[in-house]
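All remarks here apply to the structure that follows.
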């Protein structure tokens with residue numbers, strides 16, 4: 001038990017399973033690989049929506065988009081696009097490859113958020129809001145485990161995480177936490193609004209992604 005706990009928080013490689021694609025640029029993946037990719041992205045989208053409906057703080061990246069919007073007078077949509085393009089530029093020196101998963105990440109997660117917003121809980125008590133944020137972060141981590149192990153290309157932020165990991169050999173948990181904290185600090189400095197849910201996400205998403213990778217590798221071989 002203690003060994004497993006230590007392993008989760010020091011995980012440095014995305015596990016390769018029988019259904020993982022051999023190449024991120026694979027345009028004809030196995031149906032099982034594609035199924036797990038889509039399932040993971042749906043979970044990711046549901047987790048993001050749970051954070052939104054909890055109402056106690058947006059994600060660190062949204063704080064950054066918001067801060068840039070305040071400073072530039074661009075819309076949140078435009079600043080989101082700008083940040084995404086800048087992050088993708090960092091992929092070049094990190095030698096990251098896009099794939100089907102990179103495209104579906106943007107499309108599916110947005111659709112899931114829009115569709116699920118009216119149906120997920122909007123708790124009024126702070127305790128339930130906090131529990132919902134924690135559950136949302138956990139769901140995002142498990143969803144990340146499925147879609148990253150599918151190996152069909154990460155989303156822009158996850159690609160930054162995996163690319164830095166390959167260059168530094170640090171754990172996914174540490175790298176993702178540092179990335180999220182950097183985003184929220186810069187966003188807050190630019191005027192973005194930070195809530196307790198934002199802090200929980202920033203500190204919890206790294207361990208959650210590592211837990212998701214470990215759990216999927218162990219139970220979905």
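FYI, it's all coordinate maths here, none of it is from the lab. All figures in this text were calculated on a predicted structure; none of them were measured in a lab. Cβ placement follows ideal geometry from the backbone for every residue including glycine, while neighbour counts extend to all protein chains displayed.
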Candidates 127, 148, 34; GNM for the chain (alpha-carbon contacts under 10 Å) flags as most fluctuating 127
Per 5 angstrom bin, beginning at 0 and ending with the bin that holds the maximum distance, the Cα pairs of the range 93-221 fall in percents of 2, 10, 16, 21, 23, 17, 8, 3, 1, 0
Rounded to the angstrom and largest first, Cα extents along the principal axes for the range 56-97 equal 34, 24, 13
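Order the peptides 79-90, 195-206 from the highest to the lowest mean number of other Cβ atoms within 10 Å of their residues.
Averaged packing, sorted descending, gives the order 195-206, 79-90.
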Ranked by GNM mean-square fluctuation in the chain (Cα springs under 10 Å), the top entry among 40, 57, 77 is 77
hull vol. (C-alpha, convex hull) per residue for the chain, Å³ -> 124 Å³
Residues 176, 157 in order from fewest to most other beta-carbon atoms within 10 Å are 157, 176
